[in-house]
Amino acid sequence: MANTSTTKNGVAAGTAAWSAMSALAPALGWLIPGAGHLVQKRYVRGLLLMVSIVAMFVIGLLLQGHVYQPNGGDILDILGFVGDVGAGGLYILAQVMNWGQGAISHATADYGTKYLIVAGLLNFISMADAYHIAIGKKP
Amino acid sequence: MTLSHFSAAVLFAVFASVVFGITQRSTSREQVRYGLYCFAMFVGGVFVAGWVMWLLRR
């Protein structure tokens, strides 16, 4: 590794920095969509990811989509929760503000539910991409 | 807020294509090309599914 230097106790300093970013970027990316890229100076990619995922989540809420709870019970509710929770901070905010808890009253509200789930799933992909950038697998 | 089925599908295609393009390819040029490819596939799929449903309904 070109940027690795050995410290007094034999720990590679470059490896330590690499490990910290490889944990920080996905975690930050989960909490704030796109932030995992922004923190690694991929500003355009980070902003595009942020706008896409946040817009998708917000449109899902505006369409009166359903936000799944952690204790759904039904297997489909659990899968819905897994998708929703991928949106990280947005999901936490929706839970705190009690958004997305109304009954689905029209056909496009079901689209809203799908928008919310897919926003979370896309954020999982975004987190994986931030991790790949952090470990140097992707430029 | 209400959206038609088509506009909901197109918006979905836009956002998903942006994320797929950025995350699945490395260079900027490849990202744009793959994003456009995904968008075309999503919207093309909507039209194909629409015609299939029309045929089934006949």
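Per residue of B:12-21, other chain Cβ atoms within 10 Å of the residue Cβ number 6 on average. Highest-first packing order for the peptide set A:112-125, A:69-82 is A:112-125, A:69-82, based on the mean count of other beta carbon atoms within 10 Å.
Straight-distance candidates among the aspartates and glutamates for linking to residue A:138, with alpha-carbon spacing under 16 Å and chain neighbours fewer than 8 residues away dropped: A:129, B:30. What the range A:40-139 shows is 48 Å² of accessible area per residue, with the surface traced by a 1.4 Å probe over protein heavy atoms.
For the range B:1-55, the calculated P(r) over all alpha carbon pairs, in 10 Å bins from 0 to the bin holding the longest distance, is 26, 42, 25, 7, 0 percent.
Mean-square fluctuations from a GNM of chain A, with a 10 angstrom spring cutoff on Cα atoms, peak among A:56, A:97, A:127 at A:97. Each eigenvalue of the Cα gyration tensor of the range A:77-139, multiplied by 5 and square-rooted, gives one semi-axis; in descending order these are 28, 13, 8 Å.
Cα-based values for the range A:28-99, radius of gyration first and Dmax second, are 13.2, 41 Å. For the peptide A:51-57, the mean number of other protein chain Cβ atoms found within 10 angstrom of a residue's Cβ is 4. Would you mind estimating how fast the protein assembly as shown diffuses translationally, via Stokes-Einstein at 37 °C and 0.692 mPa s with the Kirkwood radius over Cα pairs, in µm²/s? It diffuses with D of about 180 µm²/s by this estimate.
The values are calculated or read from the model by the stated rules, or taken from the named source; none is laboratory data. These numbers come from a predicted model, not from an experiment. Cβ sites come from the backbone with ideal geometry, for glycine too, and all protein chains shown count toward neighbours. Protein only, heavy atoms only, side chains kept; ligands, DNA and RNA dropped before computing areas. Shrake-Rupley method; radii C 1.70, N 1.55, O 1.52, S 1.80 Å.
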